[in-house]
1. List the residue pairs whose Cβ atoms are under 8 Å apart, where the first residue sits in segment 16-42 and is outside the structural domain of G192 (by TED's automatic domain parsing), the second is among the hydroxyl-bearing types (S, T, Y) and in a loop (DSSP other than H, G, I, E, B), and the two are 6 or more positions apart or on different chains.
2. Can A164 be described as surrounded by fewer than 22 Cβ atoms within 10 Å (Cβ to Cβ), assigned by TED's automatic domain parsing to the domain that holds G198, touching a residue at least 60 places away in the same chain (Cβ under 8 Å) and not aromatic (F, W, Y)?
3. Could you tell me how many of the residues in segment 135-160 are in contact (Cβ under 8 Å) with a residue 24 or more places away in the chain, farther than 21 Å from H44 by Cα and of a type outside the set (D, E, K, R)?
4. Sort out which residues of segment 1-32 are assigned to a helix (DSSP H, G or I) and among the small types (G, A, S), and write them in order of number.
5. So, A95, is that one modelled with pLDDT of 95 or more and assigned to a loop (DSSP other than H, G, I, E, B) or not?
6. Are any of the residues in segment 68-85 in the same structural domain as V8 (by TED's automatic domain parsing), closer than 30 Å to W166 by Cβ, modelled with pLDDT of 85 or more and within 16 Å of the chain's Cα centre (by Cα)?
7. Among the residues of segment 129-174, which ones are among the hydroxyl-bearing types (S, T, Y) and closer than 19 Å to L201 by Cα?
8. Outside the structural domain of T34 (by TED's automatic domain parsing) and either closer than 28 Å to L22 by Cα or surrounded by 14 or more Cβ atoms within 10 Å (Cβ to Cβ) (or both), is that true of R155?
Amino acid sequence: MSELMGWVEAERLSFAELLADLSDDEWSADSLCTGWTVLDVAAHLTLSTRMTLGMAVWGAIKARGSFDRMEAELARRRATQYSREELIEQIRSTAGSERHAPGSSHLDCLLDALVHGQDIARPLGRARAMPTEPAIAALEHVRTSAFYGARKRLRGVRLVATDADWSGGDGTEELRAPLADLILLATGRPAGLTNASGPALARLSL
């Protein structure tokens, strides 16, 4: 657990540093998450250690049972409540917190920080490295979790990392890409297809 939480803390702090370096135009730019700005994504990440059961229930009712709508509404509400500087400080101040949203795990917290860092950096043309061991742990988690839809999305596909000694899945068709892109693909982000290759690429649609 201590190693995992060390990874989570490091990614959250790195995420905060990325935000602190953004210009006004970059804060208002679109992220890889459809309909979400960079500001929305930043506000969402502050909820990782602040979401309570009551907030989740209230959000679900207001969003009429749609998880995606609930996440978006909670993030945008928070984005209007706090300044950019306050959001960055919230991420920094709880970077090492073991609290997580109801129904989630510390691996979900790690995945959140890794993926959302890419959601912000890539549309802005900013390079953001993804550390190998944490990325593999997050990829193994999302690949086998029923929550993210990766089982259905990648059925019959064997994922092969081109920048690490890792592969996963028992499919007959290979999809090769850097770890960061494989994580984006596993979480349903078409941007992950940019650096992908292999027999499975032709039939994979997100």
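1. Close Cβ pairs satisfying both conditions: T37/S28; T37/S31; V38/S28; V38/S31; L39/S28; D40/S31; V41/S31.
2. Values: surrounded by fewer than 22 Cβ atoms within 10 Å (Cβ to Cβ): yes; assigned by TED's automatic domain parsing to the domain that holds G198: yes; touching a residue at least 60 places away in the same chain (Cβ under 8 Å): no; not aromatic (F, W, Y): yes.
The answer is no for A164.
3. Of the residues in segment 135-160, 8 are in contact (Cβ under 8 Å) with a residue 24 or more places away in the chain, farther than 21 Å from H44 by Cα and of a type outside the set (D, E, K, R).
4. Of segment 1-32, the ones assigned to a helix (DSSP H, G or I) are 2-20, 24-27.
Those that are assigned to a helix (DSSP H, G or I) and among the small types (G, A, S): S2, G6, A10, S14, A16, A20.
5. Working: modelled with pLDDT of 95 or more: yes; assigned to a loop (DSSP other than H, G, I, E, B): yes.
Yes, satisfied.
6. Looking only at segment 68-85, we keep the residues that are in the same structural domain as V8 (by TED's automatic domain parsing), and these are 68-85.
Those still in the list that are closer than 30 Å to W166 by Cβ too: 68, 71.
Remaining after also requiring modelled with pLDDT of 85 or more: none.
The answer is no, given that none of the residues of segment 68-85 is in the same structural domain as V8 (by TED's automatic domain parsing), closer than 30 Å to W166 by Cβ, modelled with pLDDT of 85 or more and within 16 Å of the chain's Cα centre (by Cα).
7. Of segment 129-174, the ones among the hydroxyl-bearing types (S, T, Y) are 132, 144-145, 148, 162, 167, 172.
If the condition is that a residue be among the hydroxyl-bearing types (S, T, Y) and closer than 19 Å to L201 by Cα, then T162, S167, T172 are the ones that fit.
8. Numbers: outside the structural domain of T34 (by TED's automatic domain parsing): yes; either closer than 28 Å to L22 by Cα or surrounded by 14 or more Cβ atoms within 10 Å (Cβ to Cβ) (or both): no.
For R155, the condition - outside the structural domain of T34 (by TED's automatic domain parsing) and either closer than 28 Å to L22 by Cα or surrounded by 14 or more Cβ atoms within 10 Å (Cβ to Cβ) (or both) - is not met.
The values are calculated or read from the model by the stated rules, or taken from the named source; none is laboratory data. None of the values given here were measured: they were computed from a predicted structure. All Cβ positions, glycine included, derive from the backbone under ideal geometry; neighbour counts span all protein chains shown.
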